[in-house]
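To start, the structure under review is shown below, and the notes come after it.
The values are calculated or read from the model by the stated rules, or taken from the named source; none is laboratory data. As the structure is a computational prediction, the values presented were derived from the model and not from experiment. Every residue, glycine among them, receives a Cβ derived from its backbone with ideal geometry; neighbour counts consider all protein chains shown. For the accessible areas, the whole protein counts, side chains as well, though only heavy atoms, and no ligand, DNA or RNA atoms are used. Shrake-Rupley method; radii C 1.70, N 1.55, O 1.52, S 1.80 Å.
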Amino acid sequence: MNFSLNFLEHNVSVAEDTWTALATTGSDVSLANVRATIMGVLERNGSFTVEDSNDQVVRRIETSAEFEGFMQEVEMQRKQFQQDQAL
């Protein structure tokens, strides 16, 4: 499965549907790679955004700590999705 991130000078963004697919059905390796990339951008004072189909920002993250909290939410979503699929 391929996932596309968009890089601007100090920002990385992803489409909301792409992020949802990555967060729920993406492999652990894919998610880890995307996570590392986003952390690198944040550590250089950049930002990470999730955008809807109209290119409107639905989530903006500007710090590593904020991203870690967001990723904890993602991990819970992944576990719930996997449990739902197992039923």
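Details
- Residue pairs meeting the criteria (Cβ under 6 Å; at least 6 apart or on separate chains; first among the aliphatic types (A, V, I, L, M), in segment 19-37; second open to solvent by 30 Å² or more (accessible area, probe 1.4 Å)): Leu22/Phe3; Ala23/Gln77
- Pairs with Cβ under 7 Å, 6+ apart, first in segment 49-60 and closer than 7 Å to Ala15 by Cα, second among the aromatic types (Phe, Trp, Tyr) and open to solvent by less than 100 Å² (accessible area, probe 1.4 Å): Val50/Trp19
- Filtering segment 20-42 to residues that are closer than 15 Å to Phe7 by Cβ and of a type outside the set (S, T, N, Q) leaves Val34, Ala36, Ile38, Met39, Gly40, Val41, Leu42.
- The residues of segment 8-37 that are in contact with a helix residue (DSSP H, G or I) (Cβ under 8 Å, 6 or more places away or on another chain) and farther than 27 Å from Gln83 by Cα, listed by number, are His10, Asn11, Val12.
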